[in-house]
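First up is the structure itself, then whatever we jot down about it.
Values quoted throughout were computed directly from the atomic coordinates according to the rules given, and no laboratory measurement underlies them. Owing to the predicted nature of the structure, the values given are computational and were not obtained by experimental measurement. Cβ atoms come from the backbone with ideal geometry, glycine included; neighbour counts cover every protein chain shown.
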Amino acid sequence: MAGREPQTPLGLFGVDDLVGEEDRAIQETVRRFTEDKVRPHLAQWYDSGTIPARELAKELGSLGLLGMHLSGYDCAGTSATAYGLACLELEAADSGLRSLVSVQGSLAMFAIWRYGSEEQKLEWLPRMAAGEAIGCFGLTEPDYGSDPAGMRTRARRDGDDWVLDGTKMWITNGSVADVAIVWARTTDAAGETIRGFVVPTDSAGCSAPEITRKLSLRASVTSELVLEGVRVPASAMLPDASGLSGPLSCLNEARYGIVFGALGAARDCLETTIYYTRDRQIFDKPLAGYQATQLKLADMALELGKGMLLALRLGVLKDAGRLRPEQVSLGKLNSVREALAIARQCRTLLGANGITLDYPVMRHANNLESVLTYEGTAEVHQLIVGQALTGHAAFR
C-alpha cells in the first residue's frame, strides 16, 4: 500500500458532501483570513499575552463574521452551519480568536437581538456587526460560575434609573468593550428576578481590570467587570428577558459555536502532527511509518470525524429551528473533551518540539483547558444530558 496519496482526517469521512456550496465558500473565506492575517502573528501574541482586539474586530466585521447568523440590523443572516464552520476555522487558528467572535455575536449581540428594544437594536447592532463597537457579557461572578442563579450583582430602582452594583469575572473582551450585557438580580412589583441591562462601559463606576496572569487563552482579552453604583436609564433594561432563561439561551448560542470551534483546534493539531510525522526521521525511517504512530493517528482521526458528523447534524437541527439545549450540551461535551485528548496525544508524537510555540499543539491544548470549563463545565453538560435521559435534575 506504500505510495498511496494520503487523505486528510476529515476527508476520510467525506464531510464536504454534507456542506452546501455557499456555506463552504464562507468557511474558505475565513480560512484564508486566518492564514493571511492571524497565523503569522499567533505565536507572538500568545507569548506576549496580547491581541489587537479592536483591529481584528474591524477586519472580522468587514468579512461579515460578527453576529453573522443573526438577521437584520446589518447582520449577515447566514445559516447556522456556516456560522459553525466559521467558528471551526477561527479556532483552528486560536481559541482566543473564536472567543472574540463568539462573545461578540452569540452573547452580546444575540442578547440585544433576541431580548432588546428596537431602540437598543438600532443603537448597537449595526456598529457591533461592523466591529466598530465591541461587546462583552457579564454573567459569571467570582463565586457563581456553574450556579449563576446565586449571583450577587444587584440592580435597584432609583427614580427613573437603575443603579447596578457587583462584580463579574472571566469576561472575554471586557477591557476593550464599548458595551456590556450585565445580568443582575432585581426586585420590583412582580418580585425578585434576574434581568439584563445594556451598559455602556464608559458609564461612571464601571471598570474592567484585565486579567493577565493566564496560562491559557493568552491571545485573548480576559477581564473582571466591576460595577460600583453604575447608573443607567430605565431604557437600558432588556425588555424581553426575565429570569435565567435569557442568559442561558445566550450561552446556548455560544456553546453551539464551541461545538464546531473545538474541532477546529483538534483538526489543526492532527494535521500538524501528520505532516510532522511524515517528515520526522527516526531510525532511518519516517515516524509516520511506525505502527504505534499510525494507531494513534487513526484513533484521533476517528474521534475528530465522529465529532464533525455530530456538529454538522446539530447545524441541520439549528437551521430547522429544532435544536434543543441538551443536544448542544452533547456537542459541547464531546467536541471539547475529544479535542483536548487529541491535542495531548499529538503533543506526544511531536516529542520535545511539541512544547514550543514553533508548533500550535501545546497552545491549542492550553486553550482547550479553558474551553473545557467555560460556558458550562464538562460535568454541567453531563448533568444536562443526564437530566434529559432520566427526567431528574441532579445539579444539587
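How far is helix 325-350 tilted off the main Cα axis of the chain, in degrees rounded to 10, range 0 to 90?
Tilt of helix 325-350: around 40 degrees.
Set the Förster radius R0 to 35 Å, insert the Cβ-Cβ distance between TYR144 and LEU215 as r into 1/(1 + (r/R0)^6), and round the FRET efficiency to 0.05.
Values: r = 23 Å, r/R0 = 0.67.
About 0.90, to the nearest 0.05.
With an 8 Å Cα cut-off and a minimum separation of 6 or more residues, compute the relative contact order for the stretch 114-264 in percent.
Dividing the mean separation by the residue count of the stretch 114-264 yields 26 percent.
ALA341 to ASP188: FRET efficiency via 1/(1 + (r/R0)^6), r the Cβ-Cβ distance, R0 41 Å, to the nearest 0.05?
0.30
By how many nm would the segment from THR8 to SER207 grow when fully extended, if each residue of separation counts as 0.36 nm and the alpha-carbon distance is taken off? Before the final figure, lay out the partial values.
Working: separation 199, 0.36 × 199 = 71.64 nm, distance 4.66 nm.
Roughly 67.0 nm would be gained on extension.
Which Cys residues of the chain have no other Cys Cβ less than 4.7 Å away and so no disulfide-compatible partner by this rule?
When partners are defined as cysteine Cβ atoms under 4.7 Å apart, the chain leaves CYS75, CYS87, CYS136, CYS206, CYS250 without one.
Would you please classify the overall shape of the stretch 217-340 from the alpha carbon gyration tensor, given that a ≥ b ≥ c denote the square roots of the eigenvalues, rounded means a/c under 1.5, and beyond that prolate means a/b larger than b/c while oblate covers the rest? Show your work: numbers first, answer last.
Numbers: a/c = 4.63, a/b = 2.09, b/c = 2.22.
Oblate, because a/c is 1.5 or more while a/b does not exceed b/c.
Positive end of the charge dipole of the chain (Lys, Arg +1 and Asp, Glu -1 on Cβ, about the Cα centre): tell me which of TRP183, GLN327, ILE282 has its Cα farthest that way.
It is ILE282.
Given the rule -39500 (n - 2.57) for each run of at least 4 DSSP H residues, summed and divided by the residues of the chain, what is its mean residue ellipticity at 222 nm, to the nearest 500 deg cm²/dmol? Don't skip to the end; give the middle numbers.
Working: 12 runs with 189 residues, N = 396.
One gets -16000 deg cm²/dmol as the mean residue ellipticity at 222 nm.
Is there a pair in LYS37/LYS168; LYS121/LYS168; LYS58/LYS332; LYS285/LYS332; LYS58/LYS296; LYS168/LYS296 whose C-alpha atoms are over 30 Å apart, and which pairs would that be? Display every interim value, and only then the final one.
Details: LYS37/LYS168 32 Å; LYS121/LYS168 24 Å; LYS58/LYS332 28 Å; LYS285/LYS332 39 Å; LYS58/LYS296 40 Å; LYS168/LYS296 42 Å.
Too far apart for the 30 Å limit: LYS37/LYS168; LYS285/LYS332; LYS58/LYS296; LYS168/LYS296.
May I ask for the net charge around TYR83, where only other residues with Cβ less than 13 Å from the Cβ of TYR83 are counted and Lys, Arg are +1 while Asp, Glu are -1?
Numbers: positive: ARG98, ARG255, LYS318; negative: GLU22, ASP23, GLU89, GLU91, GLU253, ASP319.
Charge balance near TYR83 sits at -3.
For helix 291-319, what angle does its Cα long axis make with the longest principal axis of the chain, in degrees from 0 to 90 and rounded to 10?
40
For the stretch 11-129, what is the relative contact order in percent, using Cα pairs closer than 8 Å and at least 6 residues apart in sequence? Could you put the intermediate results ahead of the total?
On the way: 100 pairs, mean separation 34.7, N = 119.
Here the relative contact order equals 29 percent.
Label LYS306 and PHE283 with points 7 Å out from Cα along Cα→Cβ: what is the distance between them in nm?
3.0
Tell me, what is the percent relative contact order of the chain, built from C-alpha pairs under 8 Å that lie six or more residues apart? Don't skip to the answer; put the middle values down first.
Numbers: 728 pairs, mean separation 70.7, N = 396.
With pairs under 8 Å counted, the relative contact order is 18 percent.
Hey, rough spin-label estimate for ALA25 and LEU389, points 7 angstrom out along Cα→Cβ, what's it come to in nanometres?
Result for the modelled spin labels: 4.3 nm.
Which one of CYS206, THR8, SER71 is farthest out on the positive end of the charge dipole of the chain, using unit charges on Cβ (Lys, Arg +1; Asp, Glu -1) and the Cα centre as origin?
Farthest towards the positive end: THR8.
Quick one: if the Förster radius is 45 Å, what FRET efficiency do THR348 and GLU59 give, using the C-beta to C-beta distance and rounding to 0.05? Please report the intermediate quantities before stating the final value.
Numbers: r = 36 Å, r/R0 = 0.79.
So the FRET efficiency works out to roughly 0.80.
Let me spell out the model: positive unit charges on the Cβ of Lys and Arg, negative unit charges on the Cβ of Asp and Glu, origin at the Cα centre of the chain. What dipole size does that give, in debye rounded to 20? Write out the running numbers ahead of the final one.
Details: 40 positive and 49 negative charges, 195 e Å.
Its charge dipole is roughly 940 debye.
Could you give the dipole magnitude of the stretch 246-390 about its Cα centre, charging the beta-carbon of Lys and Arg +1 and that of Asp and Glu -1, in debye to the nearest 20?
Numbers: 16 positive and 14 negative charges, 41 e Å.
About 200 debye.
Helix 245-279 versus the longest principal axis of the chain: what angle, 0 to 90°, nearest 10, using Cα atoms?
It is inclined by approximately 20 degrees.
For a label point 7 angstrom out from the Cα of LEU357 toward its Cβ, which stretches of the stretch 75-108 have the backbone nitrogen within less than 18 Å?
93-98
What is the Rg over Rh value, at two decimals, for the chain, using alpha-carbon atoms and the Kirkwood definition of Rh? Display every interim value, and only then the final one.
Numbers: Rg = 21.4 Å, Rh = 21.6 Å.
Here Rg/Rh amounts to 0.99.
Of ALA129, PRO52, SER99, which is farthest towards the positive pole of the stretch 11-129's charge dipole, taken about the Cα centre with +1 and -1 on the beta-carbons of Lys, Arg and Asp, Glu respectively?
Farthest towards the positive end: PRO52.
Rounded to the nearest 20 debye, what is the charge dipole size of the stretch 52-117 about its Cα centre when +1 sits on each Lys and Arg Cβ and -1 on each Asp and Glu Cβ? It would help to have the intermediate numbers written out before the result.
On the way: 4 positive and 6 negative charges, 44 e Å.
Its charge dipole is roughly 220 debye.
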